[in-house]
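Before any comments, here is the structure.
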Amino acid sequence: MIIACADSRVDPATIFAAAPGELFVVRNVAALVPPCEMSSGYHGTSAALEFAATSLAVENIVVMGHGLCGGVAASLAAAENVPAGTFIGPWVELLSGVRDEVLGDRTVNGPLERQRALEWMGVMFSIGNLRTFPFIREAEQAGRLTLHGAWFSIAEAELYWHNTGTGLFEPVSSE
């Protein structure tokens, strides 16, 4: 399963050279996974996660962010009180905690570096939220499911993979 951004420049099937039917893909603004919440609303992403984990028994879930993400840019703009929209605004506010970390980090300089830092942190935030779903957490703990982070650089046409050992996103070798 791949959770990816709705941005048309970031097509998981193309990036992973997959044939039809090889990937179960969910796309939304900024490739976000909300935390598990049963109270109200519609849960398209949550329903897809449940189906993938319980009915399809997927063995891997990849959260794939990307460079120049408009949803991430909207989250950063919201910190400056720039409205993002009726539905987009609350959705990208899911990132407000990690966005504020990026904005408070004095080692992150300039708008492009802030954008990329939040894109990467957004992937990790969504992986953390995946673990709030009982069926995801149980499958991962039982060794039936592995969670992965990825980030696609549109500018470089290069895929980066999150290295759990170093905590860094590293380019995937084409060799």
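Of note:
- Its DSSP H runs of at least 4 residues, each contributing -39,500 (n - 2.57), put the calculated 222 nm mean residue ellipticity of the chain at -10000 deg cm²/dmol, to the nearest 500.
- Distance from the Cα centroid of region 8-27 to that of region 82-138 is 23 Å (rounded to whole angstrom).
- Simple point charges give the picture: +1 on the Cβ of Lys and Arg, -1 on the Cβ of Asp and Glu, and for region 129-175 a dipole about the Cα centre of about 340 debye.
- Per-pair calculated FRET efficiency, R0 = 25 Å: His43 and Gln141 via Cβ, rounded to 0.05: 0.65
- Taking 7 Å steps out from each Cα toward its Cβ at Ile154 and Thr107 produces label points 2.8 nm apart.
- Selection from Gly65, Phe16, Met38, by position along the positive dipole direction of the chain (Cβ): Met38
- From the coordinates shown, Rg and Dmax of the Cα atoms in Å corresponds to which of (1) 15.8, 47; (2) 21.2, 64; (3) 22.5, 72: (1)
- Each Lys and Arg Cβ is given +1 and each Asp and Glu Cβ -1; about its Cα centre, the chain then shows a dipole of about 220 debye.
- Here each label is just a point 7 Å from Cα along the line to Cβ, and for Leu23 and Thr132 those points are 2.6 nm apart.
- Which of Ile3, Ser96, Pro171, positive extreme of dipole for the chain (C-beta unit charges): Ser96
- Helix screen, the chain: DSSP H segments with Cα axial length of 24 Å or more and mean Kyte-Doolittle hydropathy at least -0.5 are 111-130.
- Close amide-amide hydrogen proximity is noted between Glu158 and Ser153, each under 5 Å apart and 5 or more residues distant or on a separate chain (H modeled in the peptide plane; Pro and chain starts excluded).
Read the figures in this text as sums done on the coordinates, not as results from a lab. All values derive from a computational prediction rather than experimental measurement. Positions of Cβ are generated from backbone atoms using ideal geometry, with glycine treated the same way; all protein chains shown enter the neighbour counts.
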